[in-house]
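Working notes, beginning with the structure itself.
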Amino acid sequence: MSVLDTELFRFDFQDFNDKRAEGLNCQLIKYDSKVNSQGNRVRLEVERNANKLEYEDEDDFRGDDPALVLTRYFSRTGIILHSELQIRSIHMQNALRKCIAEYPEIQFHTNPIVMNNSPRYLFFYLEELGAYGRTLDDPVASCHIMYLLRYMEHCFHSAMRTYRNFVKVTTSMAALDWQNLWMVFRPGTLVYREAVSGSPLLSKVEAINICECSNPLHAHNFWTIKVANVDFTGRHYEWSTTKLELKSFDGFRRLNVLPVFPLDYHPDKDRIFQRLVERGKKFLDFSDVHYKQYDGVTRVLANPFRFSSSSITISNTKKLKGRFIIDRKGFADVGASRRRDDDDDDDDNDGEGYHRVSVSKTIKCDDNGKPQLSENDLAACAHEVPGFSLTLKCWFHLDVEDISETIFNEDAFDSLLMSEKQKKMLEALITTHRTNVKGDFDDVIAGKGKGLILLLHGVPGVGKTLTAEGIADLSKRPLYTISSGDLGMTADVVEHNLSKAFTRAESWNAIVLMDEADVFLTRRSPQNLERGALVSIFLRMIEYYEGVMILTTNRMNTINSAFLSRVHLAVQYNEHSADTRQTLWRNFIRRASAGAIPPWLNDDAIKKLASYPLNGRQIRNSLRIAHALAGSTGRALSFENVDAAASATLSFNQDIDTEIGNHGKDSDEDTDNVRNQSEAKEADDGGAGGIRGSRKRRRTRF
């Protein structure tokens, strides 16, 4: 196609606003809309011409019915604000509806079809429009299509020459100047970029425009590219959009060095495309609740016990390894589902940043709830899903490719240092609990008493928490740990947060562990009404909780008797004997030595180590110190390292006991012991419906 002669575009005056567009003639009329001295906007004809060469008989030409009308709008100071192109030709309209059908900010069903500013869409669909024109039998219609394409070439004469010379001819080394970058961002194109973790991302282009914001340093210096990705809100799939920005630069740059560029110009495009198609399939599998393992870069999102949307913040990335709950609906309920970014905070824009926008388009699903997506759509699926860390108790964005199946340590329960009778009882209660919840065994009040409450009590470091972890892995369920600090210290806050935590745990089929839950278990006192309110709320809420809850405490002598009546099984942990410590030392040293027994670990060594009165946690910490000592010398772990670490740990504990003078007990324990003795015999807290005498409980105490 030759470049159009600019003389083709000269015009006479005519106003067409008051008549229906027909556009029978291949003609373009140009107007300027300006503000006159009275402050009124007036429209003036500036040029008119027609392509009369297209007509065999000049009488067939009607000069008052142009196919195209262009109006430029000026400000009071003479600056062009924008332009508007009316496509009045019915033949051109039919071609656009056939070849394009849909384009951002253009309504193809109207007559005339109106396009604001530069008609870039004509360039994007040049090949389709040309092919359509060649299929037409009507010479008049073909003439109109050719005229439209010549107008497009006239508008982009210089840009098209640059495109042909630097992009079309040499794809592998394609380069463009900043002004003409729009030419490679056709709507529907897959564009490539990288997440902060280095993961590849593909998105579909929806539109590209020059920034026209009010900031003089920003306006006209950035290309704004609106892209879309398949996402899941927790309720439905949608095309969720993001705005990317490309800052201006001088000269020409290779396309594949830009922060975002079309996938076609990536040297490894085929491998990346197939990789992201598989990732998209994996993304679709995470629509429900999943308990998974993760090892990769994350972005922290929210504290789970701050439920207002204003508390949802995005912080720095961090490398994490552990178990996570993937729960899209639960994450949306926290109020964070619409706060996803791709790499940066919304307020942090360095010129090549990303901005989440709220526009979305719902994707239809089949009868099984799965969206019908092409391979291009799968490749454009979101690369992250929200996951809740059971260790850190925060929401994170997890890279889909770094998620794997959870590996359960089913031997952990068997290695617990307790009697077989206790193990069998615990295992039976856990494995049969779900059946009982769905069965007929219930309290007098419907929905009450369906939970399973276990109490583990004893001195610190004897295996209470390890027991809970072993039970969770044995049953292949998440262990959701909650502390009093997570829940708050006022009655209304505790009730709100505990209700949310219980709802989440039931949704995840998680076992709840309340470690050191003394503040909620202690006897109430008229001298401390706030604490009494906390205890009453806690007792009432666990009454209706239908899941498994494990509570641990070091202070059995202060526990409220009303709580004890709700416990199904209580397990006491005594201080470790010398024989138990020998077993612990052997187990820990074997794990520290990759499962092998070091040659120095003989009976004498074990007896020497077991002579130190250390609990399980202190033995484990001693092994860590010993490893550090061995590592500092570059040698393997030796008995001398372990013995020195155990001795240092014991010495530290003795110093602490001497310092505080009460053998490590909390100072408030004495206060609890002198509270009103009449509370020791209280039968109930009055907050469970007043039917205590009617309820039957299964409670066993070892």
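Just one residue in the set S389, S419, S374, S404 is in contact with a strand residue (DSSP E or B) (Cβ under 7 Å, 6 or more places away or on another chain) and exposed (fewer than 13 other Cβ atoms within 10 Å of the Cβ); that residue is S404. Restricted to segment 222-290, the set of strands (runs of 3 or more DSSP E) holding at least 1 residues that are under 23 Å from G330 (Cβ atoms) comprises 222-232, 237-247. Scanning segment 119-138 for residues that are among the small types (G, A, S) and surrounded by fewer than 18 Cβ atoms within 10 Å (Cβ to Cβ) yields G130, A131. Only a single criterion out of (1) in contact with a Leu (Cβ under 8 Å, 6 or more places away or on another chain); (2) outside any strand (DSSP E or B) is not satisfied by A159, namely (1). Put simply, of T490, T467, T522 the only residue that is assigned by TED's automatic domain parsing to the domain that holds N560 and surrounded by fewer than 16 Cβ atoms within 10 Å (Cβ to Cβ) is T490. The strands (runs of 3 or more DSSP E) found wholly in segment 510-620 and carrying at least 2 residues that are β-branched (V, I, T) occupy 511-514, 548-553. When segment 282-319 is limited to residues that are surrounded by 15 or more Cβ atoms within 10 Å (Cβ to Cβ) and of a type in the set (S, T, Y), the one that is modelled with the lowest pLDDT turns out to be T317. Remark: Y151 falls outside the filter, which requires a residue to be outside the structural domain of A101 (by TED's automatic domain parsing) and touching a helix residue (DSSP H, G or I) at 6+ places or on another chain (Cβ under 9 Å).
Every residue, every condition in (1) at pLDDT 90 or above; (2) in contact with a helix residue (DSSP H, G or I) (Cβ under 6 Å, 6 or more places away or on another chain); (3) among the acidic types (D, E), yes or no:
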| position | (1), (2), (3) |
| --- | --- |
| D579 | yes, no, yes |
| A594 | no, no, no |
| P598 | no, no, no |
| I619 | yes, yes, no |
| S678 | no, no, no |
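Could you please find all residues in segment 588-614 being of a type outside the set (A, V, I, L, M, F, W, C), in contact (Cβ under 8 Å) with a residue 12 or more places away in the chain and out of contact with any Leu (no Cβ under 9 Å at 6 or more places or on another chain)? Working first, answer last.
From segment 588-614, those of a type outside the set (A, V, I, L, M, F, W, C) are 590-591, 593, 595, 598-599, 602-604, 607-608, 611-613; that's our starting set.
Within this subset, residues satisfying the condition of being in contact (Cβ under 8 Å) with a residue 12 or more places away in the chain are 593, 598, 607-608, 611-613.
Scanning segment 588-614 gives K607, K608, S611.
Going by what's in this entry, would A141 be described as closer than 30 Å to L263 by Cα, small (G, A, S) and crowded, with 18+ Cβ neighbours inside 10 Å? Write out each step before concluding.
Values: closer than 30 Å to L263 by Cα: no; small (G, A, S): yes; crowded, with 18+ Cβ neighbours inside 10 Å: yes.
Here the answer is no, as A141 does not meet what is asked.
Among the residues that make up segment 172-186, is at least one of them surrounded by fewer than 19 Cβ atoms within 10 Å (Cβ to Cβ) and over 36 Å from the mean Cα position of the chain (by Cα)? For segment 172-186, residues surrounded by fewer than 19 Cβ atoms within 10 Å (Cβ to Cβ) and over 36 Å from the mean Cα position of the chain (by Cα): absent. Checking each residue in segment 86-120 for being in a helix (DSSP H, G or I) and either closer than 17 Å to V69 by Cα or touching a residue at least 40 places away in the same chain (Cβ under 8 Å) (or both) picks out I90, H91, M92, Q93, N94, A95, L96, R120.
For every residue, the table says whether it meets (1) of a type in the set (S, T, Y); (2) more than 17 Å from G188 (Cβ to Cβ); (3) not assigned by TED's automatic domain parsing to the domain that holds N117.
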| position | (1), (2), (3) |
| --- | --- |
| E212 | no, yes, yes |
| H236 | no, yes, yes |
| S240 | yes, no, yes |
| E245 | no, yes, yes |
| K269 | no, no, yes |
| F273 | no, no, yes |
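Pairs linking a residue in segment 240-251 that is in contact (Cβ under 8 Å) with a residue 40 or more places away in the chain to a residue that is in a strand (DSSP E or B) and aromatic (F, W, Y), with Cβ atoms under 6 Å and 6 or more positions apart or on different chains, are T242/Y354; L244/Y354; E245/F222; L246/W223; K247/F222.
Picking from residues in segment 75-134 that are under 24 Å from R164 (Cβ atoms) and among the charged types (D, E, K, R), the one that is farthest from the chain's Cα centre (by Cα) is R134. Residue-level check: of (1) basic (K, R); (2) at pLDDT below 90; (3) closer than 27 Å to L129 by Cβ, R97 misses just (2).
Kindly indicate which of M549, M556 is surrounded by fewer than 21 Cβ atoms within 10 Å (Cβ to Cβ) and aliphatic (A, V, I, L, M). When all the criteria are applied, what remains is M556.
The values are calculated or read from the model by the stated rules, or taken from the named source; none is laboratory data. Here the structure is a predicted model, which is why all the values come from computation and not from measurement. Cβ: placed from backbone, ideal geometry, glycine included. Neighbour counts: every protein chain shown.
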